[in-house]
Amino acid sequence: MKLRYFVLIFFSISAFGQADPEDFIDRDILEIGLIVDVPTGLHREKLKSNYISTNAPGMTFAYMVNPGFKKDKLSSIFLGGEFGFVGSKQSDFSNPPPDGDFFMNHRTVWLQFKGRYLPVIVPQKYFPHIDFSVGPVMYFSNMVENLGEDELDKFYNYKDTAINAKIEAGMQFNLRKDRKPYTFFGISLGFSASNPVKMLNRNKVGFDSDFNVIEAVNSHNPRGLYLRATFSSYR
């Protein structure tokens, strides 16, 4: 047995007993999640509308690896990336169209560098984790006309991009620990912040008499909390 296993096991015995080196989470993490974005402060005030909910649901997909795996090194930090999106559908407007069936999709999409710190890399019934991520995020809104028979016409698009950072803390609960890959269910709470962007005022967007979209724009710094539930595969 290599020296690295002896050292790690020595410091682990008091917390979780003797461990087999093959049981360590030492390779990678694959994760899928359901997320709810909850804007706060000025960001929430700018998005508040009589016609659509301010909170937005979505999904996330992440993959992280032990950077020292190929060198046969254990690590409590895993690095990788995350793709995610949240969004909502607005069907009512302050100035509705003269006729027709219209709706607007509001979406936030990101592709970011992501890291995770695991204070415990031997599978337990549960353990905490801390995540951090940074990268580009796109905020956009599409106006769509429903023409019937599953035919849609996306005739208006508004978007802006920013750099976003997230910090998150949560708990992982072991669903299967008899062998790799270990399956965990997780719950977490995070904080998200972006540099200034321009977004549509959802309480004022609508149509004029010629079916042109009335573009009312707010400029502010997106800030908010988010709740996430995940299923993860640890190896």
*asked:* What pairs come out if I take residues in the range 95-118 that are closer than 12 Å to Phe132 by Cα and in contact (Cβ under 8 Å) with a residue 12 or more places away in the chain and pair them with residues that are part of a strand (DSSP E or B) and of a type in the set (Lys, Arg) whose C-beta lies under 9 Å away, six or more apart or interchain?
replied: Gln112/Lys166; Lys114/Lys166
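Residue check: is Pro123 within 25 Å of the chain's Cα centre (by Cα), surrounded by 15 or more Cβ atoms within 10 Å (Cβ to Cβ) and outside any strand (DSSP E or B)? Give the derivation first.
On the way: within 25 Å of the chain's Cα centre (by Cα): yes; surrounded by 15 or more Cβ atoms within 10 Å (Cβ to Cβ): yes; outside any strand (DSSP E or B): yes.
Against the criterion (within 25 Å of the chain's Cα centre (by Cα), surrounded by 15 or more Cβ atoms within 10 Å (Cβ to Cβ) and outside any strand (DSSP E or B)), Pro123 qualifies.
Suppose we filter Asp210, Asp160 for residues that are free of Cβ contacts under 8 Å to residues at least 24 places away in the same chain and either surrounded by 14 or more Cβ atoms within 10 Å (Cβ to Cβ) or in a loop (DSSP other than H, G, I, E, B) (or both); which single one remains? Before the answer, list the steps.
Details: Asp160 fails: free of Cβ contacts under 8 Å to residues at least 24 places away in the same chain.
Only one candidate qualifies: Asp210.
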*Please work out if Lys177 is of a type outside the set (S, T, N, Q), more than 16 Å from the chain's Cα centre (by Cα) and loosely packed, with under 14 Cβ neighbours inside 10 Å.*
no
*Just wondering, is there one or more residues in the range 183-206 that are loosely packed, with under 15 Cβ neighbours inside 10 Å, among the aliphatic types (A, V, I, L, M) and in contact (Cβ under 8 Å) with a residue 40 or more places away in the chain?*
yes
*Is it true that Glu145 is under 19 Å from Thr60 (Cβ atoms), of a type in the set (Asp, Glu) and part of a strand (DSSP E or B)?*
no
_Between Gly170, Gly186, which is at pLDDT 95 or above and under 20 Å from Arg27 (Cβ atoms)?_
Gly186
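From the set of residues in the range 48-74 that are of a type in the set (Lys, Arg) and in a loop (DSSP other than H, G, I, E, B), which is surrounded by the fewest Cβ atoms within 10 Å (Cβ to Cβ)?
Lys73
The values are calculated or read from the model by the stated rules, or taken from the named source; none is laboratory data. Computed from a predicted model, the values in this text were never measured in an experiment. No Cβ is skipped: glycine too gets one built from the backbone with ideal geometry, and neighbour counts run over all protein chains shown.
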